[in-house]
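The values are calculated or read from the model by the stated rules, or taken from the named source; none is laboratory data. Quantities reported herein were computed from a predicted structural model and do not represent experimental measurements. Here Cβ is always computed from backbone atoms with ideal geometry, including for glycine, and neighbour counts include all displayed protein chains.
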Amino acid sequence: KKENGNGFGSLKTTCCYCGVGCGVVVHKDRNGKLSVEGDKDHPVNKGMLCSKGMNLHYTVMDKSDRLFYPEMRLNKSLQRQRVSWNEALDRTVSVFKTLIEKFGPESVAFYASGQCLTEEYYVLNKLVKGFIGSNNVDTNSRLCMSSAVAAYKMSLGEDSVPVCYDDIEHTDCIFVAGANPAWCHPIIWRRVEAAREKNPALKIIVSDPRKTQTASYANVHLQIKPGTDIVLHHAIGRVLIEAGDIDASFIKNHTEGFEAYSKKVMQRTVAEAAKICDVSEQSIREAATYIGSAKGFLTMWTMGLNQSAVGVNKNLSLINLNLITGYIGKPGSGPFSLTGQPNAMGGREVGGLANLLPAHRNLANEEDRKYVQAFWKSGAISAKPGYTATEMFDALHEGKLKAVWIMGTNPLVSLPDVRKAEEALKKAKFVVVQEASIKPETLKYADVVFPAATWAEKEGTMTNAERRITYLNKIVDAPGEALPDAEILCRFAQKMGFEGFDFKSFADIYKEHCALTKGTSIDINALSYDVLKAKRSVQWPINERGEGTQRLFTDKKFYTPSKRAIIHAVDDDNLSESTTKYLPLILTTGRIRDQWHTMTKTGKVSKLKQHIANAFLEIHPDDAAERSIAEGNLVEITNGRGTVRVKAKLSTEIKKGVVFLPMHWGKILNNDLNRANNLTNNLVDPISKEPDFKFSAVEVKGYKKP
Ligand code: SF4
């Protein structure tokens, strides 16, 4: 294949890493060499890029790890061979048809990625929900923001992020709960820093068991014990109520549930709460005072709240603080979940999880199912939610699920209790892996491999954390015979004999998706590729003049049946596993600044390894001393699920009794002892089904090589 005829010049696109969604300009010289810079005209980043964004072009130019051709094997004892697209697709169609005929549509499942473009997500959902006939399609966004999705629905009536990034410049108080945006959403954090440079009165509260770079910048750092977030949020709520720092008129006219909430938060004194959270009572009162005296109040959160056995309750208890103070639907105020994945929001728009329908329609509602079925001209859509991410691998393990199609994600690094997930893939009758890179561990188990195009090699759209849809240009051709994900899925669907997948272009797919949003809360029916290209980006929903919406709920009307927001009086128990005499430490996992997820892209860039090159265990010096561990010692972290062996990094910045492992590393030359998810547990939140990555019981000891 030749370059696509764009020749040299510059094209605009969007960064493919985090949910901030920064605008990027890619320059291509006469030799095809790429370089990138931040798009100065983009409203998100205004020309800025973080270290990952600045090095995007290397990930595209380096083709050394790419999959170039389809491969397949006829049985598990054989090596895969290069085959044609037709052979690989025909074999997949034949196996899927046989399994569906013999075991029903629920015997196959698709596991995709929050990095998929909206068009890819749309085709995948249409294929599975409309035509295969089950809801067995989930993505790694389940591991990232499904608790926030559930909490938004329960409190605001729909999965609707009410705020925009510009609110950072309009607020005077930000509560960052369980997040480290200075490392994980750097451009948002740069905007926070700039806002405080302009307005030194801007107060920042951070709750985190680790003193991260974000926490170091805070006016109050609430270094809580993992799992005590709800107790903390309730205590702040209590102080606000007692001080009269609530919006009684907003509560009376626009919410439900305040009385029960008020009773609930009065059940513990602030002193008791402080003891449970292991922070000072003074610091809780100080945080509440900042909130109570602010003119605008933003809550920001990510995985510290979401990735928990009580993730939904943690989210609800934080959103409550916005609701009791009336800090929502006005500039500088509102709850703001920071999405980890670049297009987790776009995926939600098309119903890209096992329990959703397109355009925020309700899978449990028969009318909604029938509407989508008629629109797609498909078979009946099942009312039964499909397997979620972890359920899928459990079902493979139990033999209920026979085949899985893994698309653009690396579950053998990213799923909790990952050795169990690996056993599940070994047991699967048929595994399809649709991937750009040869690196993911899943390839070892693949019966069929589809080579996929990656960022800059295909066009499409993504939606960032503030509901902003942007268009991504195709800049170079994909190498070898790699194809865009949407095209692979359409070819498969057509070979399955399904109608409605003969799209002529990505614009056609996008147009169909937009038409399906008509009349819903995310209506973008009038937003064509041409409008998007001209405007560069638009926040949904759009009005009849094609203008986007910066903030939701400015009219104080919520999407609940009563139009009131719901204040939930949630229990404050933590349902994580318990530490024991033998497993006394709490393991929490997370990201480091310069790596992204399982490093299939950022791991290719040598500059990004300069920050932190290897996996490590962060441990408090007191915990280390009790175990005779010194800085740089090799240590073994264990529990009943597995072992990790890395060097110790002693730090007073982590809470005593808590240890931290970065989540990025997988197997290196058959050594999987860097993989944090060997140790994480398979508990999930009962509503969102998001795993409890932030709380696993472990023990650590020094390790000497035999
Ligand atoms: Fe990309 Fe996120 Fe960095 Fe922006 S902040 S450049 S979207 S990784």
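Could you list, in sequence order, the residues of the range 619-646 that are more than 21 Å from Val418 (Cα to Cα) and touching a residue at least 24 places away in the same chain (Cβ under 8 Å)?
If the condition is that a residue be more than 21 Å from Val418 (Cα to Cα) and touching a residue at least 24 places away in the same chain (Cβ under 8 Å), then Ile619, His620, Pro621, Asp622, Asp623, Ala624, Arg627, Ser628, Ile629, Asn633, Leu634 are the ones that fit.
Let's see how each residue does on (1) at pLDDT 95 or above; (2) in contact with a Ser or Thr (Cβ under 8 Å, 6 or more places away or on another chain); (3) β-branched (Val, Ile, Thr):
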residue	(1), (2), (3)
Pro209	yes, yes, no
Thr214	yes, no, yes
Tyr217	yes, no, no
Pro226	yes, yes, no
Val231	yes, no, yes
Glu242	yes, no, no
Tyr261	yes, no, no
Lys264	yes, no, no
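Looking only at the range 601-616, decide whether some residue is outside the structural domain of Thr255 (by TED's automatic domain parsing) and over 27 Å from the mean Cα position of the chain (by Cα).
So far as the range 601-616 goes, no, none of its residues is outside the structural domain of Thr255 (by TED's automatic domain parsing) and over 27 Å from the mean Cα position of the chain (by Cα).
Which condition breaks for Lys40 when tested against (1) surrounded by fewer than 20 Cβ atoms within 10 Å (Cβ to Cβ); (2) of a type in the set (D, E, K, R); (3) over 27 Å from Phe336 (Cβ atoms)?
The failed condition is (3).
Which residue is nearest to the ligand (Cβ to nearest atom), if the candidates are limited to the range 308-330 and must be touching a helix residue (DSSP H, G or I) at 6+ places or on another chain (Cβ under 6 Å) and not in a helix (DSSP H, G or I)?
Ranking the qualifying residues of the range 308-330, first place goes to Ser308.
Applying the selection to the range 28-46, what residues are in a loop (DSSP other than H, G, I, E, B) and out of contact with any helix residue (DSSP H, G or I) (no Cβ under 8 Å at 6 or more places or on another chain)?
Of everything in the range 28-46, those that are in a loop (DSSP other than H, G, I, E, B) and out of contact with any helix residue (DSSP H, G or I) (no Cβ under 8 Å at 6 or more places or on another chain) turn out to be Asp29, Arg30, Asn31, Gly32, Asp39, Lys40, Asp41, His42, Lys46.
Determine which single condition Pro411 fails, assuming it passes every other condition in (1) under 25 Å from the mean Cα position of the chain (by Cα); (2) surrounded by fewer than 21 Cβ atoms within 10 Å (Cβ to Cβ).
Of (1) under 25 Å from the mean Cα position of the chain (by Cα); (2) surrounded by fewer than 21 Cβ atoms within 10 Å (Cβ to Cβ), only one is false for Pro411: (2).
Could you grab me the full set of residues in the range 14-47 that are within 8 Å of the ligand (Cβ to nearest atom), under 22 Å from the mean Cα position of the chain (by Cα) and on the phi < 0 side of the Ramachandran plot?
Listed by number, the residues that qualify are Thr14, Cys15, Cys16, Tyr17, Cys18, Gly19, Val20, Cys22, Val24, Val44, Asn45.
Can you tell me which condition Tyr69 does not meet? The list is (1) part of a loop (DSSP other than H, G, I, E, B); (2) modelled with pLDDT under 95, and all the others hold.
(2)
Show the residue pairs that are 6+ apart or on different chains and have beta-carbon atoms under 6 Å apart, the first residue being within the range 52-76 and farther than 25 Å from Val432 by Cβ, the second being polar (S, T, N, Q) and part of a strand (DSSP E or B).
Note: pairs meeting the criteria are His57/Ser35.
Among the listed residues Ile567, Ile629, which satisfies the condition of being touching a Phe, Trp or Tyr at 6+ places or on another chain (Cβ under 9 Å) and either surrounded by fewer than 20 Cβ atoms within 10 Å (Cβ to Cβ) or modelled with pLDDT of 95 or more (or both)?
Going through Ile567, Ile629 in turn, the sole match is Ile567.
With respect to Ser688, is the statement that it is part of a loop (DSSP other than H, G, I, E, B) and touching a helix residue (DSSP H, G or I) at 6+ places or on another chain (Cβ under 7 Å) true?
yes
Can you name the number of the only condition in (1) under 29 Å from the mean Cα position of the chain (by Cα); (2) surrounded by 22 or more Cβ atoms within 10 Å (Cβ to Cβ) that Ile251 fails?
Condition (1) is where Ile251 drops out.
Considering only residues of the range 48-63 that are within 11 Å of the ligand (Cβ to nearest atom) and part of a loop (DSSP other than H, G, I, E, B), which is farthest from Thr470 (Cα to Cα)?
Only one residue fits best here, namely Asn55.
Are any of the residues in the range 84-96 away from the ligand (no atom under 16 Å from the Cβ), within 29 Å of Lys689 (Cα to Cα) and surrounded by 18 or more Cβ atoms within 10 Å (Cβ to Cβ)?
Yes, the range 84-96 contains at least one residue that is away from the ligand (no atom under 16 Å from the Cβ), within 29 Å of Lys689 (Cα to Cα) and surrounded by 18 or more Cβ atoms within 10 Å (Cβ to Cβ).
Residue-wise test of (1) hydrophobic (A, V, I, L, M, F, W, C); (2) at pLDDT 95 or above; (3) on the phi < 0 side of the Ramachandran plot.
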residue	(1), (2), (3)
Thr390	no, yes, yes
Val404	yes, yes, yes
Pro440	no, no, yes
Ala453	yes, yes, yes
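Which condition number in (1) under 14 Å from Arg238 (Cα atoms); (2) assigned to a helix (DSSP H, G or I) is the one that Leu305 fails?
Status for Leu305: all satisfied but (1).
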